[in-house]
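FYI, it's all coordinate maths here, none of it is from the lab. Since we're looking at a predicted model, the values are computed, not measured. Using ideal geometry, Cβ is built from the backbone for each residue, glycine included, and neighbour counts are taken over all protein chains shown.
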């Protein structure tokens, strides 16, 4: 049962093309009761803040992304667009498609008609 929980996800979350790290004790460090996996800075290309994250969390993550020279995206869940999408500061919305971040077809079609 543990294997199933770590390596699978519900279809509703399949748009999140994430890599999952499994908690192997030899790779993590205990910091105040939390298991922390340290990742080299150069491996972080982007930080994504969840749709329901607080303003304080978004501000902290934006600052961290800036320090790491990484992109920052805020996830949004629209009313007319059913797939959650990501919005960079001052940029166009993006969705995960084919292993990359791309402009959603709905937005791309609207941009071309202008």
Query - Burial ordering of 34, 27, 85, fewest other beta-carbon atoms within 10 Å first - result: 34, 27, 85
Query raised in the report: Which value in nm describes the separation of the simple spin-label points at residue 44 and residue 29, placed 7 Å from the Cα toward the beta carbon?
Result: 1.4 nm
Query raised in the report: residue 37 to residue 89: FRET efficiency via 1/(1 + (r/R0)^6), r the Cβ-Cβ distance, R0 30 Å, to the nearest 0.05?
Result: 0.65
